[in-house]
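Heads up, the thing below is written out as structure tokens.
The values are calculated or read from the model by the stated rules, or taken from the named source; none is laboratory data. Nothing here was measured: the structure is a model prediction, and the numbers come from that model. Neighbour counts run over all protein chains shown; Cβ positions are idealised from the backbone, glycine included.
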Amino acid sequence: MGDSERGTDPAIAGLVSSARAAAELAHAPYSGFRVGAAVLGATGVHTAANVENASYGLSLCAERAALSRALAEGDGEGIRAIAVACVDAAPDSPLGEVMPCGACRQWLAELAPKADVHIATADGGVRTFTVDDLLPHAFVLRRG
């Protein structure tokens, strides 16, 4: 995938809009880089924002927070899409500055392996990827 979209699908546009709204609620006093995520599951949309901590390693990305929320609300089996929006990205930011980090990609690979990942680009577009596009050789453990 990876092609640019401009709100052609109302469901994707709504999911991206939810991610942008969530980003406005982020707690990002250190980086000033607010991120929101919206997970589409079988029972609805689950949103969250990044939450920073003075000890950066204890910060929580929006993608992982939204996935956690979906699971906590009983919607872990039906996750089919996630949108990510970085509302503080400069309009000329390269795509790499608004993509999920490696930890979030691993979470996606394990918790939402078939989901489409819609990235709100800094120029107002949307790029869509599969989880395999983002992490083609994800670490996996066999369940006993």
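Numbers for the structure displayed
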item: Residue satisfying condition, being of a type outside the set (A, V, I, L, M) and touching a Lys or Arg at 6+ places or on another chain (Cβ under 7 Å), within set GLY102, GLY76, GLY36; result: GLY36
item: The listed residue being of a type in the set (Ser, Thr, Tyr) and either crowded, with 23+ Cβ neighbours inside 10 Å or under 19 Å from THR128 (Cα atoms) (or both), out of SER68, SER93, SER59; result: SER93
item: Check on ALA85, within 23 Å of TYR30 (Cβ to Cβ) and crowded, with 20+ Cβ neighbours inside 10 Å; result: yes
item: Residues located in segment 7-35, provided they are more than 17 Å from ILE82 (Cα to Cα) and in a strand (DSSP E or B); result: HIS27
item: Of all residues in segment 50-64 being within 17 Å of VAL98 (Cβ to Cβ) and of a type in the set (A, V, I, L, M, F, W, C), the one that is farthest from the chain's Cα centre (by Cα); result: CYS61
item: Any chance LEU111 is surrounded by fewer than 21 Cβ atoms within 10 Å (Cβ to Cβ), over 19 Å from ALA23 (Cα atoms), touching a Gly at 6+ places or on another chain (Cβ under 9 Å) and at pLDDT 95 or above; result: yes
